[in-house]
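Here's the structure we're looking at; comments come further down.
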Amino acid sequence: MQNKFIAFAAGFNDVTQVMHEWGSLFVLTGDGKMYQLSEKDFQTKLDMLFRKHLYEIAISLAKTQSTPSAMVEIYKVYRVLPRNPPGGLSCPSVE
């Protein structure tokens, strides 16, 4: 699996049902509590990864889900210089 990053882990006691509906995973426990687990949107994922200084993971995710022009915007916004710029674009050297 490429670009799969688990950002949440929890244990549930006495799980009675697990359902997948409307793009979310619902976990029903024996005490009647229901938990909804859902995937964050692309921009939220990027923001979270950059906030945690996980630049390599964020850039890898962005490369698979963005166009070269969007990648340039990501590099500008987060002030990250690419090792291998997308689409053969050149980056100015930093000294």
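The values are calculated or read from the model by the stated rules, or taken from the named source; none is laboratory data. None of the values given here were measured: they were computed from a predicted structure. A quick note on method: Cβ atoms are made from the backbone with ideal geometry, for glycine too, and the neighbour counts reach across all protein chains shown. Each accessible area value is taken on the protein alone, full model and side chains, heavy atoms only, with ligands, DNA and RNA left out. Shrake-Rupley method; radii C 1.70, N 1.55, O 1.52, S 1.80 Å.
Return the total of residues in the range 25-65 being of a type in the set (S, T, Y), over 15 Å from F8 (Cβ atoms) and exposed (fewer than 12 other Cβ atoms within 10 Å of the Cβ).
Restricting attention to the range 25-65, the residues satisfying the condition of being of a type in the set (S, T, Y) are 29, 35, 38, 44, 55, 60, 64.
Within this subset, residues satisfying the condition of being over 15 Å from F8 (Cβ atoms) are 29, 55, 60, 64.
With the extra rule that they be exposed (fewer than 12 other Cβ atoms within 10 Å of the Cβ), the set shrinks to 64.
Summing the residues that are of a type in the set (S, T, Y), over 15 Å from F8 (Cβ atoms) and exposed (fewer than 12 other Cβ atoms within 10 Å of the Cβ) in the range 25-65 gives 1.
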When you scan the range 67-76, do you find a residue that is open to solvent by 90 Å² or more (accessible area, probe 1.4 Å), of a type outside the set (A, V, I, L, M) and modelled with pLDDT of 80 or more, even just one? no
